[in-house]
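Read the structure below first, then the notes.
Only the coordinates and a few stated rules stand behind these numbers; no lab work does. Computed from a prediction, not measured in an experiment: that's the story for all the values here. Using ideal geometry, Cβ is built from the backbone for each residue, glycine included, and neighbour counts are taken over all protein chains shown.
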Amino acid sequence: MTFSTILEIFSTIDHSVAPNKDDRDFRKPTAMVVTTQLAIATFLGIFAFLSFSLLLKKLPRLYASRKYKDQGLLQLPTWDEKSLFGWIPVLYKINDKQVLEYAGLDAFVFLSFFKMCIKLLATFCFFSFCIISPIRYHFTGSYDDNGDSPDDDTFVSYLVKRLVENNSDGVLAPESDNLYLWMYVIFTYFFTFLAIKTLTSQTKEVVNTRQSYLGKMNTITDRTIRLSGIPIELRNMETLKKRIEELKIGQVSSITICREWGPLNRLYHYRQQTLKKLELAYADCPPNLRNSNPPVETFNLNHTRTDNTSGETNNSASLNTESNDTAPQDNNSSTNPTPNNDAPEDNIMYSEIHLKERPRMKTGLWGLFGNDVDAIDYLSEQLKFIDKEILDARRSHYSATPTAFVTMDSVANAQMAAQAVLDPRVHYFITRLAPAPHDIKWDHVCLSRSDRLTKIYTVTIFIGISSIFLIIPVSYLATLLNLKTISKFWPSLGNLLKENRWAENMVTGLLPTYLFTLMNVGIPYFYELLTSHQGLVSYSEEEISLVSKNFFYIFVNLFLVFTLAGTASNYWGYLSDTTKIAYQLATSVKEFSLFYVDLIILQGIGMFPFKLLLAGSLIGFPLIKIQAKTPRQRKEMYNPPIFNFGLQLPQPILILIITLIYSVMSTKILASGLAYFVIGFYVYKYQLVYATDHLPHSTGKVWPLIYRRILVGLLLFQLTMAGTLAGFEGGWVLSSWLFPLPFITFSFWWDFEKNYLPLSQYIALSSIREHERDNSMVSASADSETYHYPYLIDELEGPMLS
């Protein structure tokens, strides 16, 4: 049978024999939904982009706050502020070296992930547009392997049956079918190796940049390690110093043993609250009354004077009467009284008339009960009392904890100590690189080991239980994607949608993407709140932990459960027969292809530009501006928002995994994913350079999390393709050809853990020695280090009082 005969049969297929594409119970969202979503997202994106350009021109201190922070010490690239779009070419020209200088190593690593995704998906798109889609269209009549074609799951099998019926010899010639399916096998291998090569290349660049950047540093932080598991007999500075130096890993410059500073920390936090109240009281007080408490005089229409301090009323006064001998005089007061013979008291002219009293407050519960007192006097006395209590508390004895910060004499010795095993006993003398002092959560450092473990396990268990309960709303949301499941759970709505094709497309195509987006907004902040109470020692540890938690939530709940719940009618049936998992995953992935196209378009084109608006800062700015009364509040009003990788990174990783899974099957998802990462790269580039600060001292340690999760995405991609091939007649033979791919992927994973992971956590000694020989050590006063990782050496001695 010739190829032209196959095409002729293909063109004369009687679709009445094939599965009914127009069956109302099995209708799926059409490509019209994608067009509608693209139009909505484009409108939202352009609106957000134009709004940001206008607001940047009107409010540069809010949207380019890092240019003005600390009197502009960073010297960021500038543009003509009168130009509406002048910031775009300036942002485009900022290179990796400048990102490293202006935003730090963590920002460089974060943006490197987006650059890698752009390179990878651009290559995938080229092959998909030029090779995969044309071949697929030639054999199936559909550019993408999804629900747009007439029942993709059985269409090739149906075509083979028709070929058998039309073959005069009665023998099937499967070459055309094999050719189409072999394309899946070939490109699964090709895309896997291309992704691993790109990922490995980017890992080498990140590692080399990290080693070069951190090898130049010679700050207190870089020379300090955190030592935990200290035995009781060594919880003394001299004894501990002697023990460490006996190990011949270098000289010890200083040691700070962390103690149970809980009472002192509580006094310090209470002092901060009192100081803020006192500042507000001073701001509410008239300037000429701040340094005294004069008797405020009020006048009635009868020219009587009331002394509010004594409660007496006088009908006369002399010209030289003053409210208080020490009260400041108003230089603008009139000195020439106008005489009035009719009323002697009208000849009286006072040097000052106070129209506003000093602020007062109640000393009882919540400021609603208790005695009414002068706020400034009361809070000033309270602040003096707290300061005395803190000074007394600092001289008190506190029990030592098994944690200490040890500063070595050199960076090289600190790195060797952090990587060494110092004690043969388990859980004793555990060394880690120390976080920067501003990164430390002193309240958690003061916790005993049992309290810290209790917090960690309690929060972890609570998050696990919460994740299980969140499966319920996700499963119900997934039912909206399929008209059959809607009719099963809500028959009246199902019947209504069957009668209205447009309403069906809106409910099953667009509505789930918006509900999905809303569900992905609040939960990460909920996890952030829980993580802050987990007892972790530093903010950087919390951030990395939050990346893992949020990714687990969106990957398991909002991808695996969501995808399987949309088509699987019996979870336990598939779990009991593990051979069906790959096929079920492949079936569900096909069913959800249009949903993920809509989701990526909405997130990338529609929602990403809104991140430029800093919606939280923009909405709260007018209210904060009204409430900002003190100089401290007015300064903090323009402080850059904090950029948290734990909130921003998990979703892009999930989008990349989804794009990898569909890379062979859907050109639309590849194109949408490429647009997502291109827009996201420039949005985050602007935020990290101009608009936000990243304060935690994680020093690029987020890359291993990215690497591992991309490999998980590749494993899912291979499993999905194996299940897709297994769904065709005789496809198990082709599916078996993919068997080596998971082992190859795991081999690269093992290679990363063994060879690249240590370089992602520590600084190589050769990198340190090289810069020492070149006399290019960067001191603590360097602009980039001072700005991104500011600290006070005294903070290592314990909580500060200022």
Förster-model FRET efficiency, 30 Å R0, D284 and F526, C-beta, rounded to 0.05: 0.25
In range of the label at S253: residues from region 209-231 whose backbone nitrogen is under 18 Å from the point 7 Å along Cα→Cβ: 214-227
Contour minus Cα-Cα distance for Y270 and I131 (0.36 nm per residue): 43.3 nm
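Compute the FRET efficiency between T460 and H138 as 1/(1 + (r/R0)^6), taking r as their Cβ-Cβ distance and R0 = 51 Å, and round to the nearest 0.05. It would help to have the intermediate numbers written out before the result.
On the way: r = 53 Å, r/R0 = 1.03.
Once the sixth-power term is evaluated, E becomes 0.45.
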Alpha carbon convex hull of region 394-552, projected area averaged over orientations, nm²: 15.0 nm²
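May I ask for the Kirkwood hydrodynamic radius of region 356-405, worked out over all distinct Cα pairs and given in angstroms to one decimal?
That comes to 13.8 Å for region 356-405.
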Lysines with Cα under 30 Å of K388, excluding same-chain neighbours fewer than 8 positions away: K276, K277, K362, K441, K629, K635
T630-F85 pseudo-label distance in nm [points 7 Å out on the Cα-to-Cβ vector]: 4.5 nm
